[in-house]
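A short write-up of the structure that comes next.
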């Protein structure tokens, strides 16, 4: 099969969060105490500036569905973005987006490549041009990742977004990336561009 979805875990994790003040000084103080600044936003709620423990933040991944507990209230949300300090590889901020049943959400989903392509076995080079795809999905259909099998790709072959659209498993998912966008391609060694 060309591609499969790995479904996201359902609210298996509850994250305790505390309200915080907005600002750089406040964020620095929060990090110093072992917490991570975060925010929760959505169309039907007032944006909330919050903090979560660094321990909880390290368990998270983009696209994961969680229950945020803020002052006794629960908010079903998705991890929209995790920001890292590029020098220390440490989490510095997390964005959560509140989910509303029946309302599509736009999210970036990671791609995982599996298999060894026929073209690579012949000396070709597999070029991965995208590491994520942007999707519009309902909250209950958010995938953890998309797995692409490149085994059947020969030299000169590619997988485009349009190749995924008609796969049964992707029904109900809208691709934000253009249909003609190339995800992976196999080129001959001579064609490789620097």
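Inspect the range 159-171 for any residue being in contact with a strand residue (DSSP E or B) (Cβ under 7 Å, 6 or more places away or on another chain) and within 30 Å of residue 58 (Cβ to Cβ) and give the result as yes or no. No: the range 159-171 contains no residue that is in contact with a strand residue (DSSP E or B) (Cβ under 7 Å, 6 or more places away or on another chain) and within 30 Å of residue 58 (Cβ to Cβ). All of 72, 42, 34 fail the test of being modelled with pLDDT under 95, under 18 Å from the mean Cα position of the chain (by Cα) and closer than 19 Å to residue 17 by Cα, apart from 42. Of the numbered criteria (1) under 29 Å from residue 177 (Cβ atoms); (2) touching a residue at least 12 places away in the same chain (Cβ under 8 Å), the one residue 47 fails is (2). In the range 150-175, the residue that is nearest to the chain's Cα centre (by Cα) out of those that are surrounded by fewer than 16 Cβ atoms within 10 Å (Cβ to Cβ) and assigned to a strand (DSSP E or B) is 174.
Within the range 19-26, is there a residue that is surrounded by 18 or more Cβ atoms within 10 Å (Cβ to Cβ) and in contact with a helix residue (DSSP H, G or I) (Cβ under 9 Å, 6 or more places away or on another chain)?
Quick first cut of the range 19-26, residues surrounded by 18 or more Cβ atoms within 10 Å (Cβ to Cβ) only: 20.
This time we only want the ones that are in contact with a helix residue (DSSP H, G or I) (Cβ under 9 Å, 6 or more places away or on another chain), so: 20.
Yes: the range 19-26 contains one or more residues that are surrounded by 18 or more Cβ atoms within 10 Å (Cβ to Cβ) and in contact with a helix residue (DSSP H, G or I) (Cβ under 9 Å, 6 or more places away or on another chain).
Can you say whether residue 139 is modelled with pLDDT under 90, under 30 Å from residue 189 (Cβ atoms) and touching a strand residue (DSSP E or B) at 6+ places or on another chain (Cβ under 9 Å), as far as the supplied structure shows? No; evaluated as a whole, the condition is false for this residue.
Tell me, please, whether a residue that is within 19 Å of the chain's Cα centre (by Cα), within 30 Å of residue 46 (Cβ to Cβ), free of Cβ contacts under 8 Å to residues at least 60 places away in the same chain and surrounded by fewer than 17 Cβ atoms within 10 Å (Cβ to Cβ) can be found in the range 115-130. Break it down into steps so the answer makes sense when it comes.
Filtering the range 115-130 down to residues within 19 Å of the chain's Cα centre (by Cα) leaves 128-130.
Still in the list and also within 30 Å of residue 46 (Cβ to Cβ): none.
Looking through the range 115-130, none of the residues is within 19 Å of the chain's Cα centre (by Cα), within 30 Å of residue 46 (Cβ to Cβ), free of Cβ contacts under 8 Å to residues at least 60 places away in the same chain and surrounded by fewer than 17 Cβ atoms within 10 Å (Cβ to Cβ).
Those helices (runs of 4 or more DSSP H) of the range 13-128 in which at least 2 residues are in contact with a strand residue (DSSP E or B) (Cβ under 9 Å, 6 or more places away or on another chain) and closer than 30 Å to residue 155 by Cα, considering only elements entirely within it, cover 118-121.
The values are calculated or read from the model by the stated rules, or taken from the named source; none is laboratory data. In this text, all values refer to a predicted model and were calculated from it rather than measured experimentally. Don't worry about glycine lacking a Cβ; one is built from the backbone with ideal geometry, like all the others, and counts go over all protein chains shown.
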